[in-house]
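Here is the structure we will look at, set down as structure tokens.
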Amino acid sequence: QVQLVESGGGLVQPGGSLRLSCAASGRIFRISAMRWYRQAPGKQRELVASITTGGSTNYVDSVKGRFTISRDNAKNTVYLQMNSLKPADTAAYYCNVGVQERATLAMRGYWGQGTQVTVSS
């Protein structure tokens with residue numbers, strides 16, 4: 001089994017910053033792409049940012065220039081640095097990680113438990 005543990009959410013004022021972390025552990029042979037999604041109340045879950053094993057990144061237009069996704073392969077961890085936060089960024093944030101499992105070598109996507117980000121004055 002593989003577990004993902006997220007941390008770093010909270011309440012922040014507009015213009016502030018937060019850094020989310022998502023650490024994977026367990027029977028991991030290899031990790032492929034790592035992604036951050038978010039879901040606001042009453043809205044569909046949307047892909048915010050992704051990063052490949054080689055470090056190539058993509059962002060949804062609404063966060064470009066404000067958010068930065070990164071990964072530490074030695075720690076099996078993905079980060080999301082969020083700057084210049086806006087009330088529209090308020091949502092539950094979820095990490096999603098592609099894992100090739102050690103025992104079976106099967107590829108499977110895992111989700112974190114979610115962490116709440118609230119941007120409000």
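For R102, what charge total do you get from the other residues with a beta carbon under 13 Å from its beta carbon, if Lys and Arg give +1 and Asp and Glu give -1? Each step should come with its number before you reach the end.
Numbers: positive: R27, R30, R108; negative: E101.
The answer is +2.
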Pairs of alpha-carbon atoms within less than 8 angstrom and 6+ residues apart define the contacts here; what relative contact order does the range 58-121 have, in percent? 27 percent
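Below 12 angstrom from the Cβ of Q116, what's the summed charge of the other residues (Lys, Arg +1; Asp, Glu -1)?
Working: positive: R38; negative: E6, D89.
Here the count lands on -1.
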What is the packing order of peptides 57-68, 14-25, taking the mean over residues of other C-beta atoms within 10 Å and listing the highest first? 14-25, 57-68
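Counting only protein heavy atoms and a 1.4 Å probe, tell me what percentage of the chain's accessible area is made up of carbon and sulfur.
Numbers: 3010 of 6360 Å².
Roughly 47 percent of what the probe reaches on the chain is carbon or sulfur.
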Considering only protein heavy atoms, what per residue accessible area in square angstrom results for the chain with a 1.4 angstrom probe? 53 Å²
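Got the relative contact order for the range 2-121 handy, in percent, Cα pairs under 8 Å and 6 or more residues apart?
Working: 300 pairs, mean separation 43.8, N = 120.
For the range 2-121, the relative contact order is 36 percent.
The values are calculated or read from the model by the stated rules, or taken from the named source; none is laboratory data. In this text the structure is predicted, and so the values were computed from the model without any measurement. Glycine also receives a Cβ, built like all others from the backbone with ideal geometry; neighbour counts cover every protein chain displayed. Accessible surface areas use protein heavy atoms only, side chains included; no ligands, DNA or RNA. Shrake-Rupley method; radii C 1.70, N 1.55, O 1.52, S 1.80 Å.
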